[in-house]
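The values are calculated or read from the model by the stated rules, or taken from the named source; none is laboratory data. Fair warning: this is a prediction, and the values are worked out from it, not measured in the lab. Backbone-built Cβ (ideal geometry, glycine too); neighbour counts: all protein chains shown.
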Amino acid sequence: MPHSLSLSTSLSDLSIPKKFLDILARLHIYRVEDLLFHTPRKYNDYSRRVSIAELENFEANSQVTIIGTVISKYQKKIPGKNLRIIEGTFEDDTGRMKAVWFNQQFILKQAQEGARMAVAGTVSRDGHISLREAVLESVKAGKSLLHTGRLVPEYSTTKGITSRFFRYHIALLLTSSYLPFDDYLPDEIRETYEVEHLFGALRQVHFPQTREEVERGQYRLAFEEAFFLQLSLLQQRMHLQTFTATPLSFKKKEIQSFVSELPFELTNAQRKTAWEIIKDTGTTLPMNRLLEGDVGSGKTIVATIALLNTALNNQQAAFMAPTEVLALQHFERLVGLFHQTSFIQVPKVAVLTGSQARVSTDPDLGSWTKIDRKTLLRQISSGEVHIVIGTHALISEHLTFQNLTFTLIDEQHRFGVNQRARLQEKGVALSPYAHTMPHLLSMTATPIPRTLALTAYGDLLISRISERPPKVAESDRAKAYQFLRDNLAQGEQLFVVCPQIEESEDSSTRSVFTEYEKLQNDVYSDFPVAMLHGQMPQEEKQQVISAFQQKEYAVLVSTTVIEVGVDLPEVNLMLIESAERFGLAQLHQLRGRVGRGGGQAYCLVAASGEDQPERLQALEQTTDGFELAEYDLTYRGPGQFTGGEQSGYSSLRPEIFTDAELLDAARSGAHSIITDDPTLHQYPDLRTKLERFQQTMHIE
């Protein structure tokens with residue numbers, strides 16, 4: 001142990017063997033701070049220390065610790081099975097008992113006959129009383145128990161490293177006289193919001209005496225993360241307010257004419273949301289709004305109105321989609337809508353992806369035509385093209401705009417923060433005005449719970465479209481194939497969605513390849529079946545989608561690529577396999593892919609696991625995506641709402657996404673600090689910690 005330690009001290013400076021440093025790196029643990037903040041995922045309550053005779057008083061599955069002497073041990077192998085049972089006998093002044101382990105050969109070395117040991121485990125009453133899943137620890141005079149006889153933390157681990165390793169090394173750090181450190185949270189914040197000092201909180205979380213200590217320590221760490229997140233978001237908003245935007249006047253006559261000629265009636269929610277965006281973009285403050293709504297709720301037509309209003313102001317708009325398939329579909333839809341209207345000024349629309357360059361044409365000459373890539377880039381640069389739809393190609397250094405004033409990002413969580421920023425910079429760099437930025441509208445089909453929205457997006461303006469007309473029904477797995485066959489025979493089409501492309505070690509999880517073979521050769525051999533997944537070449541994917549759209553196939557077996565990459569409103573049937581592998585919000589989005597054309601739709605959900613009924617029943621009980629999002633946030637955490645590891649939020653503590661009081665306290669505290677000292681000049685330790693936090697997080 002070095003003579004002085006700090007949170008930034010590298011673990012390579014400690015007496016940890018290199019092989020363990022390499023393993024820790026797989027868990028992104030490199031410094032003292034990383035190790036101390038690798039907090040327990042659960043606790044085993046081995047705090048009840050009892051005699052062997054007292055075991056009679058405990059029910060099965062109770063957790064206890066006894067202290068006794070190792071009398072004997074032996075191992076036996078079960079014939080025909082890869083199973084070894086190790087049994088140890090222990091004795092104290094009140095009697096003897098047995099402990100049982102399965103396939104844990106290290107116990108033979110650990111349990112030395114005659115040694116005095118603490119044995120912590122779960123009481124089993126199968127015929128005779130014993131302890132199973134037991135943990136052993138040598139008892140030495142003057143030394144406290146670490147792995148038994150207390151609330152014992154269990155950590156997330158990986159191959160080659162155990163919870164025992166974490167307990168040992170974290171205990172060394174927290175009991176070291178070289179580690180006392182100042183808290184980077186200001187005293188006034190800790191006192192106002194009654195949170196523990198960092199050092200005390202870490203001791204409470206890793207080695208608590210009571211459950212209450214665990215709660216106090218966890219609250220401090222959750223408050224800290226929420227506080228830093230809010231500081232980051234507030235700094236970002238203050239930075240945004242240093243920019244101006246080109247105001248877009250509301251072209252009322254043309255927009256009303258466009259809406260009146262649509263082949264459908266806008267819902268009240270769509271009208272309200274469109275007006276919110278029109279008002280936002282009419283000011284010099286750059287709009288930063290998130291538009292959320294279920295699949296099929298009509299987000300795209302609302303965005304189309306905003307795109308059209310931009311073009312009618314003789315300004316340019318960029319529309320970035322996550323896949324080429326979706327970008328092409330958006331392009332064809334916009335061109336079709338604009339060509340159906342009777343107003344004089346028809347915006348020129350283009351699509352630019354990795355392999356496609358197309359531009360809309362005069363309605364009398366057809367809807368669109370392919371174009372040379374360089375020619376399209378020149379037309380965009382000159383301002384001849386008003387609306388550009390594309391994928392990551394939109395952030396290419398070769399693409400420039402004349403007057404990019406409005407940017408739209410579909411399924412925004414599928415893009416990295418840097419990618420979104422680079423699209424915005426296309427408008428900043430070319431503006432004739434200093435500090436000018438385009439208006440930004442982000443769209444997502446993932447319903448976001450209120451507390452998560454406050455946490456992840458701070459003061460970002462949020463619009464919700466909650467009205468969705470199509471009805472969806474579920475059916476039983478037992479009758480699924482026949483039910484679907486009857487509908488296929490009537491000319492309907494079917495999506496079959498699987499969570500993986502190929503079979504994995506978990507044979508219970510269904511894959512695209514396996515289901516495709518089964519349906520094509522057996523279940524639906526009399527219907528044409530196609531397959532679609534993300535590893536197929538783009539051209540082949542497009543051919544499959546087009547053929548399915550033309551009804552050359554009746555069944556399409558696919559991964560979740562259809563969630564955002566395919567728009568086929570006439571499909572009314574869906575079967576989701578291994579549904580337990582999906583979050584409720586994602587299942588809800590998937591079922592929203594059927595019935596969009598107004599026909600009766602059916603979504604059948606089949607689960608492979610046995611622990612899913614309650615969660616999946618929630619899908620049957622409501623078609624409200626926001627209710628399902630709240631449910632999934634409680635039971636599965638925030639990962640699926642924030643894009644998993646890409647967004648960074650999945651590493652945060654779940655409390656900060658569900659505890660409204662904690663959120664309010666963190667936001668209030670961050671406001672009080674950042675308002676008086678935006679650069680945190682008076683708080684150098686806080687500023688340093690915030691910078692480290694921002695390096696490991698993606699802030700929206």
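Find the residue count for the range 231-278, including only residues that are aromatic (F, W, Y) and either under 30 Å from A666 (Cα atoms) or within 27 Å of the chain's Cα centre (by Cα) (or both). Walk me through it before giving the result.
In the first step, residues of the range 231-278 are kept if they are aromatic (F, W, Y); the result is 243, 250, 258, 264, 275.
Remaining after also requiring either under 30 Å from A666 (Cα atoms) or within 27 Å of the chain's Cα centre (by Cα) (or both): 243.
So the answer is 1.
Show the residue pairs meeting these rules: Cβ distance below 7 Å; 6+ apart or different chains; first residue within the range 92-113 and of a type in the set (S, T, Y); second residue in a loop (DSSP other than H, G, I, E, B).
So the pair list comes out as T94/S51; T94/I52.
Of T158, T192, T122, which residue is loosely packed, with under 14 Cβ neighbours inside 10 Å, more than 29 Å from K18 (Cα to Cα) and touching a residue at least 40 places away in the same chain (Cβ under 8 Å)? Quick ask: steps written out before the conclusion?
On the way: T158 fails: more than 29 Å from K18 (Cα to Cα); T122 fails: loosely packed, with under 14 Cβ neighbours inside 10 Å.
Step by step, each of T158, T192, T122 is checked, and only T192 is loosely packed, with under 14 Cβ neighbours inside 10 Å, more than 29 Å from K18 (Cα to Cα) and touching a residue at least 40 places away in the same chain (Cβ under 8 Å).
For the range 346-355, check the following and say yes or no: at least one residue is of a type outside the set (V, I, T), touching a residue at least 12 places away in the same chain (Cβ under 8 Å) and assigned to a strand (DSSP E or B).
Looking for residues that are of a type outside the set (V, I, T), touching a residue at least 12 places away in the same chain (Cβ under 8 Å) and assigned to a strand (DSSP E or B), one finds at least one in the range 346-355, hence yes.
Are any residues in the range 518-540 over 21 Å from N487 (Cα atoms) and assigned to a helix (DSSP H, G or I), and if so, which ones?
Q538, E539, E540
From the list L575, L587, L633, L604, which residue is at pLDDT 75 or above and under 15 Å from the mean Cα position of the chain (by Cα)?
After ruling out the rest, the residue left standing is L587.
Pull out all pairs, ordered by first then second residue, where Cβ-Cβ is under 7 Å, the residues are six or more apart or on different chains, the first lies in the range 199-225 and is farther than 13 Å from L151 by Cα, and the second is of a type in the set (V, I, T) and part of a helix (DSSP H, G or I).
Pairs found: G217/V205; Q218/V205; L221/V205; A222/I656; E225/I656.
Among the residues of the range 79-94, write down those that are out of contact with any strand residue (DSSP E or B) (no Cβ under 7 Å at 6 or more places or on another chain) and either of a type in the set (A, V, I, L, M) or over 25 Å from K143 (Cα atoms) (or both).
Scanning the range 79-94 gives P79, G80, K81, N82.
Please find, among L484, L519, L488, the residue that is over 25 Å from the mean Cα position of the chain (by Cα), closer than 22 Å to Q586 by Cβ and at pLDDT 85 or above.
L484
Can you name the number of the only condition in (1) buried (at least 17 other Cβ atoms within 10 Å of the Cβ); (2) in contact with a His (Cβ under 9 Å, 6 or more places away or on another chain); (3) outside any helix (DSSP H, G or I); (4) not β-branched (V, I, T) that L307 fails?
(3)
Confirm whether A618 is at pLDDT 75 or above and either aromatic (F, W, Y) or more than 21 Å from K299 (Cβ to Cβ) (or both). Walk me through it before giving the result.
Values: at pLDDT 75 or above: no; either aromatic (F, W, Y) or more than 21 Å from K299 (Cβ to Cβ) (or both): yes.
When the stated conditions are applied, A618 does not pass them.
Tally the residues that are farther than 11 Å from F258 by Cα and buried (at least 19 other Cβ atoms within 10 Å of the Cβ), restricting the search to the range 329-346.
The number of residues fulfilling the criteria is 5.
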